[in-house]
Every structure is written in C-alpha cells, then in structure tokens.
Amino acid sequence: MHLLCVDDDTNFLDLTTTFLQRKLPAATIHTATRVHDARTLIETEPITCIVSDYEMPDQNGLEFLDTVRETHPELPFILFTGKGSEEIASEAISAGVTDYLQKRGTEQYDRLATRIRHAVAEYQTEHELRERVKELTTIQTISDLLSDGDGQSSEKFQQIVTYLPQSLQFPEAAVASLSIDETEFTSPEYEPPVHQLTVQDVTTAGNELTLTIGYTTDSVSETDSDVFLFEEQELLTTILQFVTAYLNRRHVLSDLQEADRRLNLILNNTTAVMYLKDTDGRYVFVNAEYERLFNVDSEELVGQDDEAIHPPDMAETVHANDRRVLETGEPVEVEEQITVGGDERTYLSLKVPALDTAGEVEGVFGVSTEITERKERERQLEALNREMPRLLSAETVEEVAERGVVAAREILDLQANAIHLYDAENEELAPIAYTDAVLELIGDPPTFRDEESIAWRVFADENATAIDDTQTDADIYNPESPIRSELHLPLGEYGILMAGSPTTSEFDSQDVAIGELLAAHLTTALSQVNTEQALREREAELEAQNERLEQFASMVSHDLRNPLSIASGSLELYQETGNESQLESIDMSLTRIQELITDLTALARHGMPDENHEPVSVSEIAHDAWEFIDTRSATLSTDPCTVSGDASQLTALFENLFRNAVGHGGPDVTVRVGPLDNGFYVEDTGDGIPSDERDTVFDHGYTTGYSGSGIGLTIVSRIAQAHNWDVTLTDSEEDGARFEFRATRSTEPTEQ
C-alpha cells in the first residue's frame, strides 16, 4: 500500500505520517507540501490512496481532487482537514471525494487509518476486477485472432505482442515479445524490460516458443508484493497455449478446449455478472452468476435480447449503453438500475467491444458488479450532511438527543436506537432519548454504570464497535435481553449512541463507518449546546457583576458626598473666620471618609465569587478575626466546624459580624460561633435586631446608631453570596442577633 499525504503544514504532515505509520505499518507513505510535488509523485509512484488537507497555498483540496480525477478517476481521495463546515463537506461529497474527516484530535487517526484501509480495499477490488476484464478481453481477442486460418501468420503474431501489453496492470510501461525458434516479434517501441515474466513451450513439431511480458521502468515495482499478478502469469500461459495450438494444427482443438475450460472456470465462478451480446443486442453467452441472478438458463437465453428478461424502460436503457460501445468502439462504464426478484438494484457495468479476427466489432462483452449498498451509503452521507444544520440549531442536549435518534432511525435505518448521555455527578450513562422500537424490544432502556456493560466499555474506549452476538460478549448487561447484535457509537465525552437488533450479525463495518459520521455530527452539536450554555451562564454572571459595580458606584457617590461636603464647608468657614472649632468638624469628616473608603474597598474586594475554595476551620478563622478588631471586654466562644471556602474572605466576614456585635451589644457582649447542618452560625447576647428591620439589615447604609459605616453587613451578605450561602437572621437564646449561614450547592460544613 502506497499512501500520499499532502499538507502545506510540515509539522502536521510529520504528525500525520507518524500516526499512520503506526496504524498502517505495512504502508509506504509519501509526503508533499505542494500540490505540484504531489502530482509528480502520483505519476511516478504506485499511489493507492491520497490523504489531502483542504486549505493549501497553490490549490485547495477540492481543486487538487479535480486534477487527480482527470488522470486517475478511481483513485481513493480522502479530505482530512482542520477547516470543517457543512459547505465544505457537501462540496466534497459532490466533488466525488472518497471520504471526509476533520482534524480534531489523535483519536481521528484511528478513524483515518480505518477509512484508508476500506478505501484502498475497495479500490484494489475494483482495480482487480478491471484487470480481470482486460485479461478476459485479451483472451477473447487473441483467441478470435488465432481461431481462423491455417499455418503461420506474421501479422497475427505481431498483433498479439502489440495487444498483450494493454492487458497488464501498467500498460504505459509494458512491452511484450514472442520468439518462434529464431524469429522474434516485439511490441512497438520495444525496450529490454527491467522486470519480466517469461513462459516457454514446444510444439509437437519441435518449435520452441518463448513469450515474454515486462516493464521498462522500476517505478511499477512495489516492496510488499510481486510486480506481476498471479492472474497475469495465467494469462501469459494461456496466450502461449493459443499460439502453440495455432502452430500445431493437430492439437488446435484440444488446446482450445483446455483454454475454454479455464475461461469457463473464471466466468462461472466469479460473483460478477458477465455476458456477451452480438451487434443486434442478442445474447451470445452469460455466465453462471447471470443465470442464478435472473433464474434463466443460458441455452434458453441465447438469441434473445434484454426485452425478454427486463421491463421495457430498463431494457431500453441497457440497450442504449450497448449501442454506445458498438458505435464508438470504446469501453464504457455506467451505472444501470436492474430489477432482480422485484427489488431494484444498482450495478456498475463495464462494457467493452468484442472484436472478431479482423479487428471488427462483433458484439459487446460486459461485466456488471452490484453497488446497491454503496449507493445507499452515498445517499445516507448526503442525508447526514443535510441533517447537520438541524442538529446544530438545537438549544438543549435533550433536543440534540431527540433529533439524533430520529436521524439514526430515518437516515441510517437504525430502528431500535437510543442515546445515553454521561452524568458526571452520578458517574453513569443515562438514557436521554430512544425510539419506540426500543420500548417494544426491551421496555425502558437501562442506566449503565462503570464496568457493567458493553456500552460503558465502548464509551470508555471511544472506539465505535459492532457486536455480532451480544450473548458471546463477557460484558453483556442483560443476558436475558432479546437483543442479539448491537452497534455502539461513542459521542466523545458526552455519551454514546446505541442501536440493537434481535438478529445476530445485523451490523457491519459499513454501518460503523457511516454511524461514526452521525456520531461526529452529534458530538459537534452537543459541544455547541454546552458551549452556548456556558456562555449564557457567563453572561448572567457578568450582568450580576455589572449590577454590583453600578451599586458600588452609587454607594461611593452617595456616602462620600455628605462628609466631603461637611469638610469642604468647614474648611471654607475656617479660612474665612479662623475659628479653630471648624477643624474638629473637618477631622471628623475626614475620619468618616477614611472609614467609608476602607469599608467600600472591602465590599468591592469581597463581592466577587472565588472558585478556589478549600476546607478551612471556622473556629480558627473566627479567633484570628477576633484579634484583628477592638473587642473591648467582649467574649468569643467557638465550637469546632469546617467549611469549604476562602480563608481571607471568611476572615473579613467574621470581622464585620464581630464589629457589629460589639458595636451594638456593648463592651461585655458574648459572641458564639458554632456548626449547623450544612452550615454554621454567629450569635451574640446583645439587644438583637427588631423583626421588622431584619429584611433591610443587609442593605447598604443600614445602621442603628453606633459609629459604623453602614456597609459592614452588606459586605457579609456579599461574601455569603460569593460562597453560595443563604443567610438567615433570627434571635439568639438571649434575644441577641443570630446569623445562620447554610450552603445552597457545594459548601458542606462538618463538625470536627
């Protein structure tokens, strides 16, 4: 296998080459950073598959595809690009790209290697089929050439060596020679071959025959296989036998019978449909597969035309294709819709002119291969690409999942399918959406957890898998389930799409390949929904921050204005009168301004959420905060308690609560701190807060007369919000104030 990787990014090209060499160790990988160099490699190396980027400086991937298709119309071409869009994918499919993948991560190289194997296998199968047709045509043509006339004919031998190179794998570099005793016939522009294959024979009259085919260049050689196909060796032997039979009249009949036997082995044991018609469209010959497919006997069919076995419209189309071959004398390859057993199937038909001994067209020889499944895959690819915008328009993961199971059912014919999404909190794959066929088969779909099902295994491995028989799999979830075969398509980190059937071996590699495309679409849609949800949450957070900033600005403007006005007025009076009593008023105003600035700064600092929380001791922080303030002769009592939070912000919270307790409760007040269920409390033995004022105590500016700024409890409220705590104000046992803090989401205080 010779691969050509084309990408103008040398780093990514090296990465792609490294991964593919690991995944495809037997492959020979050629690389090019420019389309011009890539075209040179295509013409000089036996390339079997091209993997190309989309955006390149001299040509994009699809323009490169067009130039490749001009000279190599069937060569597999995979578009492997970081620029992914519905438009590019649709354009790629329309342009005839073999496959389309986006560069999303290292897991894509597994998929790329799988797609390469499939594409090369299909290409080689079709290539081998064409080679077989060429060989059969060669046998037929040379057989016709030698079937008439007696004795030796130099013209016939020259025609053989001229025609024979055309049937080889690489006819442009092929030559042939035929030696009969001392006389040699060579193909036009003959050169001694670098690689050659020779067969010899002796006629009953003693003529020594040597027939040679070969290639005049090293470029046709591959390191992993012989230059010549086994069938080419058989072809060479058959042709030489024809020549021997021609030269030895006594053995012509027996030799032709032997050649006919070999030809029949090929014709009657292939899975392709083969037939020969005369110039009037009447059947001359059909192979065993044709007889089986249409349930006809060859002897009954000979002499009849297509209208005898096909509907009129179909027969007319087939006949028109045959006429093209007869009129142009050139082979044609067409798709034909043929009804077989009431079902319409699609066949790829290769039709070539059958020549008589004079080189005149005497009929049409055809080989038809069924491609119904391939056409269905093409239809599914187009439908999936059309479905992508609908998936991307979903606003919730549930909506993506619902649309996904519908697409799997209607486009991929996965009647019983379900989507399970990963719940990180519960560590499970929970069913989100499923078809009615799932309910009919197994009822409500189960929830899967770690290491208890095939689904979990595939989700963890992230490798799409078809299970032929679930009963033989050690990870089967329910051995009593009627489902016998399953298709698992992981959706990245989001979950998995599953399909099931009560029949074994219902899903194959093609189902996996086409299913992976739907899975990729779903993964993209789920990622978009999650991203948009995160953006909405971020917007809400920013909006809340803006509101806090506006409030802060209002506080600054309102609270600083009064003491600043008093200080300004007192200064003006002092300047006018020299009355030093005004200096006391100025000093008090400046002290008030300083207190306000300190508290407003704390409010701004503690009003923002902090996600870097860690377990901290409430009692230790409370004692630290107690030391930071003037507590006079007040007393602090604490019980052990731990919460998840920010130590610095909690210190500020306690400072403001303690300052408030001492300021309102007097110098001998007692303050207690202790645990609650999912929280903690701070209470004092002061006078408490009247019930009709408790709804406003956290508002900016609330005060009951002591010399505070009126911001302290606002700071407490902001710190609680930043920690996702609810704050409740009530009475302590001594009718003092009691503040209770309880976590709303993640903070869970515990006793120590």
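Against the list (1) buried (at least 18 other Cβ atoms within 10 Å of the Cβ); (2) over 25 Å from the mean Cα position of the chain (by Cα); (3) over 27 Å from Thr524 (Cβ atoms), the condition Pro445 fails is (3).
Can you tell me how many residues in region 149-206 are of a type outside the set (Lys, Arg) and part of a helix (DSSP H, G or I)?
Matching residues across region 149-206 total 16.
Looking at Gln545, Gln510, Gln528 in this structure, which one is in contact (Cβ under 8 Å) with a residue 40 or more places away in the chain, of a type outside the set (A, V, I, L, M, F, W, C) and either closer than 21 Å to Ala394 by Cα or part of a loop (DSSP other than H, G, I, E, B) (or both)?
Details: Gln545 fails: either closer than 21 Å to Ala394 by Cα or part of a loop (DSSP other than H, G, I, E, B) (or both); Gln510 fails: either closer than 21 Å to Ala394 by Cα or part of a loop (DSSP other than H, G, I, E, B) (or both).
Answer to the check: Gln528.
Cβ separations smaller than 6 Å between residues 6+ apart or across chains give the following pairs from region 282-296 residues that are closer than 19 Å to Leu136 by Cβ and without any contact (Cβ under 8 Å) to a residue 60 or more places away in the chain to residues that are of a type in the set (D, E, K, R) and in a strand (DSSP E or B): Tyr283/Lys277. In the set (1) surrounded by 14 or more Cβ atoms within 10 Å (Cβ to Cβ); (2) without any contact (Cβ under 8 Å) to a residue 12 or more places away in the chain, Val397 fails one condition alone, (2). Checking each residue in region 16-59 for being among the polar types (S, T, N, Q), farther than 16 Å from Ile78 by Cβ and over 23 Å from the mean Cα position of the chain (by Cα) picks out Thr28, Thr33, Thr40, Thr44, Gln59.
Mind telling me which of the residues Val361, Val352 ends up being buried (at least 19 other Cβ atoms within 10 Å of the Cβ) and more than 17 Å from Ala315 (Cα to Cα)?
Values: Val361 fails: buried (at least 19 other Cβ atoms within 10 Å of the Cβ).
Of Val361, Val352, the one residue that is buried (at least 19 other Cβ atoms within 10 Å of the Cβ) and more than 17 Å from Ala315 (Cα to Cα) is Val352.
Mind listing whichever residues of region 482-507 are free of Cβ contacts under 8 Å to residues at least 40 places away in the same chain, of a type outside the set (Lys, Arg), surrounded by 17 or more Cβ atoms within 10 Å (Cβ to Cβ) and more than 17 Å from Ile419 (Cα to Cα)? Explain how you work it out, then say what you get.
Initial filter on region 482-507 (free of Cβ contacts under 8 Å to residues at least 40 places away in the same chain): 484-486, 488-490, 492, 503-506.
Now restrict to residues that are of a type outside the set (Lys, Arg): 485-486, 488-490, 492, 503-506.
Next cut, surrounded by 17 or more Cβ atoms within 10 Å (Cβ to Cβ) only: 485-486, 488-490, 492, 506.
Once the filter is applied, which keeps residues that are free of Cβ contacts under 8 Å to residues at least 40 places away in the same chain, of a type outside the set (Lys, Arg), surrounded by 17 or more Cβ atoms within 10 Å (Cβ to Cβ) and more than 17 Å from Ile419 (Cα to Cα), region 482-507 yields only Glu506.
Quick test for you: out of Thr685, Thr670, Thr704, pick the one residue that is polar (S, T, N, Q), in the same structural domain as Arg738 (by TED's automatic domain parsing) and at pLDDT below 70. Give the derivation first.
On the way: Thr685 fails: at pLDDT below 70; Thr670 fails: at pLDDT below 70.
Testing whether each residue is polar (S, T, N, Q), in the same structural domain as Arg738 (by TED's automatic domain parsing) and at pLDDT below 70 leaves just Thr704.
If you go through region 421-436, how many residues are in contact (Cβ under 8 Å) with a residue 24 or more places away in the chain and either closer than 18 Å to Ala499 by Cβ or acidic (Asp, Glu) (or both)? Of the residues in region 421-436, 6 are in contact (Cβ under 8 Å) with a residue 24 or more places away in the chain and either closer than 18 Å to Ala499 by Cβ or acidic (Asp, Glu) (or both). Here the condition is being closer than 21 Å to Asn724 by Cα, assigned by TED's automatic domain parsing to the domain that holds Gln721 and out of contact with any His (no Cβ under 8 Å at 6 or more places or on another chain); of Ser633, Ser644, Ser648, it holds for Ser648 alone.
Among the conditions (1) assigned to a helix (DSSP H, G or I); (2) on the phi > 0 side of the Ramachandran plot, the only one that Arg632 does not satisfy is (1). Candidates are the residues of region 265-299 that are of a type in the set (Ser, Thr, Tyr) and within 41 Å of the chain's Cα centre (by Cα); the one that is nearest to Gly363 (Cα to Cα) is Tyr290. Where helices (runs of 4 or more DSSP H) sit wholly within region 31-127, those with at least 3 residues that are under 28 Å from Thr369 (Cβ atoms) and at pLDDT below 85 occupy 86-95.
Residues in region 649-663 that are aliphatic (A, V, I, L, M) and in contact with a strand residue (DSSP E or B) (Cβ under 7 Å, 6 or more places away or on another chain) were compared, and the one that is farthest from Gly688 (Cα to Cα) is Leu650.
Taken together, the criteria exclude Glu107 from residues that are over 24 Å from Leu384 (Cβ atoms) and either surrounded by fewer than 22 Cβ atoms within 10 Å (Cβ to Cβ) or of a type in the set (Gly, Ala, Ser) (or both). Taken as a whole, the structure places Leu564 among residues that are modelled with pLDDT of 65 or more, surrounded by 13 or more Cβ atoms within 10 Å (Cβ to Cβ) and farther than 30 Å from Ala113 by Cα. Of all residues in region 319-349, exactly one satisfies the criterion of being assigned to a loop (DSSP other than H, G, I, E, B) and buried (at least 17 other Cβ atoms within 10 Å of the Cβ), namely Pro331.
The values are calculated or read from the model by the stated rules, or taken from the named source; none is laboratory data. Note that the structure is a prediction, hence the values are computed from the model and not measured. Don't worry about glycine lacking a Cβ; one is built from the backbone with ideal geometry, like all the others, and counts go over all protein chains shown.
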